[in-house]
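What follows is a set of notes on a single structure, which appears directly below.
Derivation of every value follows stated rules applied to the coordinates shown; laboratory data play no part. Note that this is a predicted model, so its numbers are computed, not measured. Heads up, the Cβs are rebuilt from the backbone with ideal geometry, glycines too, and the neighbour counts pull from every protein chain shown.
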């Protein structure tokens, strides 16, 4: 099939070790370049037309490179969706934990250099909340992955293949959407217009994608436990989306709550569902 062939080509390239090494080099280059450009701006060496758009706080370099790390992880999530629904949910939660860590680093951009303790007491509390929230999610995710039972949803390999192909088609749509909203956000920034929260927007799209997977899965299994589990995973995405726009402290609580809910849902499904209905693909 046309879509499946192109999806497999893109996935093979993305998962290749050479591609990963290339991206690692690019990330290091972006980080060092950001530090250099920021220092140039601090010294007044940048042109007047460029200088206002460049920060003067070195900690912005951390925020910039973490943004690119998250972009890479989201593309990996799009490809992972076709392989495993539950693992894709796990990757969504992984990305949230990285976003929380990024938020904790981003608080450093509010610090004036040299740092004075009297000016940073509240941002430090925000940093600790985000960082410890990310740590708790990290621990919960380890348990979540241990609980997974990777068994097919369908009764035949042919139907299983069709289900996977449908998810690959949906993944390609997500990939195109990801690139489109990213390009649009960059164009807004270049035009000195107000940009939007890129990651929150993408997670909103993911909610609809998860609902589509629930509907598609009914074509291959009308089992109540399957339907409830997949719908529950969609609700996990909703909780993550809310966490992305919540204020400090609440965002970490929502993130941890989403991870706990995913674990509880998996435990309940593994215990209650008929043995021949354990699914993940």
Compute the convex hull volume of the Cα atoms of segment 16-161, divide it by the residue count, and report the result per residue in Å³ as a whole number.
144 Å³
Using only Cα atoms, locate the centre of segment 220-265 and the centre of segment 1-32, then give the distance between them in Å, rounded to an integer.
28 Å
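May I ask you to sort 13, 220 by Cβ crowding, counting other Cβ atoms within 10 Å and putting the fewest first?
Numbers: 13 10, 220 20.
Least to most surrounded, the residues fall as 13, 220.
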Taking Cα atoms, how many degrees apart are the long axis of helix 60-83 and the longest axis of the chain, rounded to 10 and kept between 0 and 90?
10 degrees
Before anything else, pin down the relative contact order of segment 123-281: Cα pairs under 8 Å, at least 6 apart, normalised by residue count, whole percent.
40 percent
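Rg/Rh for the chain to two decimals, with Rh computed the Kirkwood way over all alpha-carbon pairs. Could you put the intermediate results ahead of the total?
Values: Rg = 21.0 Å, Rh = 20.6 Å.
Rg/Rh: 1.02.
Can you tell me how much longer the chain between residue 23 and residue 3 gets when fully stretched, taken as 0.36 nm per residue apart minus their C-alpha distance, in nm with one decimal? Walk me through the numbers before you get to the answer.
Details: separation 20, 0.36 × 20 = 7.20 nm, distance 2.56 nm.
Here the segment from residue 23 to residue 3 would lengthen by 4.6 nm.
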If R0 = 30 Å, then residue 218 and residue 14, at their Cβ-Cβ distance, give a FRET efficiency to the nearest 0.05 of 0.50
Where in segment 201-245 does the label zone of residue 159 land, with the point 7 angstrom along Cα→C-beta and an amide N cut-off under 16 Å?
215-227
Provide 271, 12, 126 in ascending order of the number of other Cβ atoms located within 10 Å of each residue's Cβ, fewest first.
271, 12, 126
Connecting C-alpha atoms closer than 10 Å in a GNM of the chain, tell me which of 208, 138, 66 has the biggest fluctuation.
208
Once the Cα atoms of helix 121-147 and of the chain are each reduced to a long axis, what angle between those two axes, in degrees from 0 to 90 to the nearest 10, is obtained?
20 degrees
Using only Cα atoms, find the angle between the long axis of helix 85-106 and the longest principal axis of the chain, and express it within 0 to 90 degrees, rounded to the nearest 10.
10 degrees
Round to a whole angstrom and tell me the spacing of the C-alpha centers of segment 62-109 and segment 180-199.
19 Å
